[in-house]
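Report on one structure; see the data block that follows.
Coordinate-derived values only; no laboratory data. Just so it is clear, the structure is predicted and the values come from calculations on it, not from any experiment. We place every Cβ from the backbone using ideal geometry, glycine too, and count neighbours over all the protein chains shown.
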Amino acid sequence: MDSCIFCKIISKESQAEILIETDGFVVFKDIYPSAPVHYLAVSKKHISSVKEISTADEALLGGLILTAKLAAEKLSLSGYKLVFNVGKEGGQMVDHLHLHILGGWAKNKPNTVNV
Ligand code: AMP
Ligand code: ZN
């Protein structure tokens, strides 16, 4: 996808602070963080949204969650949120499947906002 910013990050055409890169996934720092620690786990395969996934993507989705877990371990996050925004009404701005990894709140003042 030529116009997709996350595809450009994956192809290194655009810069990002990459934490993890595997055959299928990349984890990089969110440029406008919504939490003290905010990274995005993306599939290298361009899928626009959770709305577009099918049973054929089951392994990919498992891999995406496992990659996010690995990133959280690397970042020493003892607790964190994994969030998919789905569609415009769900707050999705970038149409390339991504899992938000949010954390870094103080241990004595954890983030208890439930959405
Ligand atoms: P969403 O609203 O779920 O689509 O999330 C998109 C996320 O991508 C937002 O948190 C943005 O801050 C982040 N973002 C957009 N462009 C970039 C970029 N070039 N590098 C890193 N993060 C980005
Ligand atoms: Zn893309």
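Tabulated values for the structure
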quantity	calculated
Residue-by-residue Karplus 3J(HN,Hα) for region 57-70, coefficients 6.51, -1.76, 1.60, Hz, glycine and proline x	9, 4, 5, 4, 5, x, x, 5, 5, 5, 5, 5, 5, 4
Cleavage-rule hits, trypsin sites (Lys or Arg not before Pro), region 1-37, DSSP coil, Cβ neighbours within 10 Å at most 12	LYS12
For region 5-103: rounded, prolate or oblate by the Cα gyration tensor [a/c cutoff 1.5]	rounded
Set of aspartates and glutamates near LYS45 by C-alpha distance (under 18 Å), chain-local residues within fewer than 8 positions excluded	ASP2, GLU13, GLU21, ASP23, ASP57, GLU58, ASP95
Value of relative contact order over the chain, rounded to a whole percent, pairs C-alpha under 8 Å and six or more apart	29
Integer Hz, Karplus 6.51/-1.76/1.60 couplings in order for region 94-109, x for Gly and Pro	10, 8, 9, 3, 8, 10, 6, 10, 10, x, x, 6, 4, 5, 8, 9
Residues of type lysines that LYS81 reaches as a straight line, Cα spacing below 22 Å, ignoring anything fewer than 8 places off in the same chain	LYS29, LYS44, LYS51, LYS69, LYS107, LYS109
Label point distance in nm, GLU17-ASP2, each placed 7 Å from Cα along Cα→Cβ	3.2
Added length on full extension, which subtracts the Cα-Cα distance from 0.36 nm per residue, ILE53 to ALA106	15.6 nm
Hz values of 3J(HN,Hα) by residue in region 32-41 - Karplus curve (6.51, -1.76, 1.60), Gly and Pro given as x	10, x, 9, 8, x, 10, 9, 10, 10, 9
